[in-house]
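What follows is calculated from the coordinates using simple rules that are stated; it is not laboratory data. All values derive from a computational prediction rather than experimental measurement. Because the Cβ atoms are built from the backbone with ideal geometry, glycine has one as well, and the counts that use them run over all protein chains shown.
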């Protein structure tokens, strides 16, 4: 074909191409290895014809590239205009795991105390009566010593009724200062109902050092309560009685539901009892060989389930042991 | 315990509202469960519409047989006509009257003047239930003569009151009394404390009282008093009302008096019909084996030699400290009364009342350890009221005891108290506090403990608590100094969190299942001696059964995917007193072997470990799909245990964590690219791919960075009983770029080794 006619035909074909695919066909037809132009170039002998044909090839390449770019742009525009999803369609499901609510609370409490410089101690669940009762100053005849309230393996072995035996074991194994928390399962012969399960979880805290005061206990618990229930909460401490502490106090937190006036959650008092605490009874120090004149300390033991009930509104503690995915998945 | 405020204020004069009193008590003395409003509504002037009246005339109602028309003087200078349906009073009776406009607790509307069957009625003569002072509606309240008509009724009766409902801690049995509460209120709020101090009645026509205590250990004190010419009858309204507000039933004047004195002083009393005691005697002793007693509630109690009995020398007449016997009960015919004001030691009482599951207002106090000294206060008060109300003569009195306990004297350092409490409390303030609570403080700070606190307060630290009680809400919130602390988890605790997080990340949810189970595969598993139920009787040695149950609940709940794990302890018999408590992690996922192995591999990888297993067997696993790893077992769940196909594992965390590297050291896998080559070899069906990979690794040496099986193909040209295993090989050196030749040489060594050891034919 005569070069001008070839050029005209190629430009016309490029102009007529309506898709990236068609323009590729045009490229193959006019510039491919078996195209008329390529064949002519292969056969060219004189320099002048060669230069002219090469110039023609470049012009055709530019034209086809330009047309291709134009078509690509048009195609992208069309995709952007035509393609739509219903953005409210759900995503592809990915199996999600959940930590148990009590584990979440356990970690939260651990982290609060780690931040304060405390060490986390695991403790044992099966304990001797010596550690579970005697060392903790439970008087003979105390109801908790009764097989009505405590699970016994034999006369001298029980399932721990509180996390406190770990206090004794820790103090026996090291000199003060002691700053520890223990979290874990405890066992009591409580008939299961909405507010009791025979196994539940406690957090136990013990601080022993020179100069520890009741004010330190209140300050620490106030910090913990605010961390768990919100900065705007207030705390209050009232007298109580426990074998292992003297003085003993019960911690209360201002009701996070009504914030004062009274509601069913706080039994119309504006305050919610959270748990027992106090200054370590000197008898415990004597048991482990600490000097009660030199050292003082505080301790508290709270139920993690109670925190779950108060903060998350769990209506029935037994549900925390059923592992219904509909409950596990909420947290 | 219920403490009506009007009653409390008889023993303490204090300028404080009920809210202030409740708040101070709650902080410093006793849990206040509620403050209950009782009686007539406290709306504008309502209490003033209740007056004392005197019935001047009574006439039959002309139109109604059951009504009477009364003319009542309520101090207005003229009589008021009131129609009344009660018949238990006559002309001249002193009665309680509500005027029109009065709100009564039982009606929504105020009382109005109206006609009853044609007769005007301008008020109401009141029964006790109509003003919240009792439950009786058989007749109206007939008041004692004395108060002038028109006297406000509230001056005589607590028609408008607040009742504190309090629960003292076990060490404060002294607060199970009106006197004890009044004392603390006075000390805490700066009030004036004046406990009842009636004149003890004179003994007239004195006679001996025959009391023998055989067991002073169980009964350290027994005050016995004899009353003759007792006229049994209902108690006067003031006493009935007080008992009602204190949640006790009025029964008869004699019984009511014992309950009244108990409530005032906290020391329970008992009244016997003396005529029913053989020889009028009392002998206190332990029960004999097999002895029986029918208690007041009509139940025949079989007794134990540990139980303490009141007898008359011939037969049991009361279960000491817990409940009287039916046979010696005071009845309408009683004329002679033996009043018991004793003291009983707590532990035996607690044991007996627990064994018999019989708790009474008395046992509730005794089991906490009542002060033996207050028996006398209670005896005097009861005697006084008995003589005054029942027209009785006190004819005998005896106090049998083995010596009353000494009051402890405790040296005290006020500066130590301030230091422990953490606030500056002056010695003067501490002295005032202790004195207010009944402690005697000497000039040199020797503190003599009052008898009612002698069991509880024996050490300086106990006194520090007394000083702290009033200031609990005044302490500055401080933090311990913490000069030496280490706020971090130990390795095992950190790794447990890694396990939790990895499994959650792999889509498993954490379950909590009971440590106590109905049965356990290990016959040596530890059994509880006193389980609550057979369902929770054994300490488990494996977690999986609980987790399988949890998975079943998930399926039943309709979950499409169930994937659970638990980290908990198992309790393995150790031969010692205490079992070995081992942390385990167990998991269960819907899907087969590959699914659970993938979870396990992810877990191992997160710990920097490689999971290596060999064929194994386990009770809960499919025998053909069971594997053993160093830390435990893994496989497909035995099909009949749970419908569907499930994968499970249970691993010992200590074993698992033992292999976790302290730290991961950088390895250069980037600078020099890997040479990738795949091979496929045909081997006999029973050759495990793990063995092929191990052999490849061994043959190739350090240049082989990774060998991973990515396909197993059976059939076609592979031939029966054979399978083709495709292995992805990555050769890499951290020091240089490997040549194709080096890789190919290594590959050929692998092929040769596989051929030699497993008769593997190279297919590609």
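Counted residue by residue at 0.36 nm each, then reduced by the alpha carbon distance between them, the extension gain from residue B:331 to residue B:640 reaches 104.2 nm. Note on segment B:351-393 and segment B:1-74: Cα centroid distance 27 Å, given to the nearest whole angstrom. In this structure, residue B:755 and residue A:2 have a Cβ-Cβ separation that, at R0 = 45 Å, corresponds to a calculated FRET efficiency of about 0.10. What do you get for the angle between helix B:593-606 and the principal long axis of chain B? Use alpha-carbon atoms, 0 to 90 degrees, nearest ten. The answer is roughly 80 degrees. Taking the C-alpha atoms only, the angle from helix B:544-556 to the longest principal axis of chain B is near 80 degrees. Shown is the FRET efficiency for residue A:107 and residue A:62, computed with R0 = 60 Å from the Cβ-Cβ distance and rounded to the nearest 0.05: 0.35.
Given the options A:217, A:225, A:53, which has the most mean-square fluctuation in a GNM of chain A, springs set between C-alpha atoms less than 10 angstrom apart? Ranking A:217, A:225, A:53 by mean-square fluctuation puts A:53 first. Mean separation of Cα pairs under 8 Å and 6 or more residues apart, divided by the residue count, gives chain B a relative contact order of 9 percent. For segment B:202-228 versus segment B:721-740, the inter-centroid distance based on Cα atoms is 102 Å. Remark on the protein assembly as shown: ratio of C-alpha radius of gyration to 2.2 N^0.38 Å is 1.39. DSSP bridge analysis restricted to the protein assembly as shown gives an antiparallel fraction near 95%, rounded to the nearest 5.
Taking only Cα atoms, what is the 0 to 90° angle, nearest 10, from helix B:374-390's long axis to the longest principal axis of chain B? In chain B, helix B:374-390 runs at an angle near 40 degrees to the longest axis.
Ordering B:328, A:269 by the number of other Cβ atoms within 10 Å of each residue's own Cβ, fewest first, gives A:269, B:328.
Within the listed set A:24, A:218, A:273, the residue fluctuating most in the Gaussian network model of chain A (springs between alpha-carbon atoms under 10 angstrom) is A:24. Segment A:248-297 and segment A:40-54 have Cα centres lying 101 Å from one another. Fewest-first ordering of B:184, B:33, B:312, B:23 by other beta carbons within 10 Å of each residue's beta carbon gives B:33, B:23, B:312, B:184. Assign one of three labels to chain B, namely rounded, prolate or oblate, based on the Cα gyration tensor with a ≥ b ≥ c the square roots of its eigenvalues; rounded applies when a/c is under 1.5, prolate when it is not and a/b is larger than b/c, and oblate otherwise. Note, shape of chain B comes out prolate. Note on segment B:624-760: semi-axes of the ellipsoid equivalent to its C-alpha gyration tensor, largest first and rounded to whole Å, are 31, 25, 12. For segment B:211-401, the share of DSSP beta bridges that are antiparallel, to the nearest 5, is 90%.
Computed from the C-beta positions of residue B:678 and residue A:94, the FRET efficiency with R₀ = 30 Å rounds to 0.50. Relative contact order of segment A:3-82: what whole-number percent is it, with Cα pairs under 8 angstrom and at least 6 residues apart? This gives 39 percent for segment A:3-82.
Ranked by how many other Cβ atoms sit within 10 Å of their own Cβ, fewest first, the residues A:193, B:388 fall in the order A:193, B:388. Per DSSP helix of 4 or more residues, -39500 (n - 2.57); summed, then divided by the residues of the protein assembly as shown. What does that give at 222 nm, rounded to the nearest 500? Roughly -9000 deg cm²/dmol at 222 nm, from the helical runs in the protein assembly as shown. Each label was represented as a point 7 Å from its Cα along the Cα-to-Cβ direction; for residue A:84 and residue A:41 these points are 4.7 nm apart.
Within the listed set A:32, A:184, A:297, the Gaussian network model of chain A (springs between alpha-carbon atoms below 10 Å) gives the highest mean-square fluctuation for A:32.
Approximating the spin labels as points 7 Å out from Cα along Cα→Cβ, the residue B:615-to-residue A:19 distance works out to 5.7 nm.
Mind pulling up the Rg/Rh value for segment B:395-525? Radius of gyration and Kirkwood radius, both on Cα.
Numbers: Rg = 27.2 Å, Rh = 20.8 Å.
Here Rg/Rh amounts to 1.31.
Its residue count N sets the reference 2.2 N^0.38 Å, and the alpha-carbon radius of gyration of chain A equals 1.99 times that reference.
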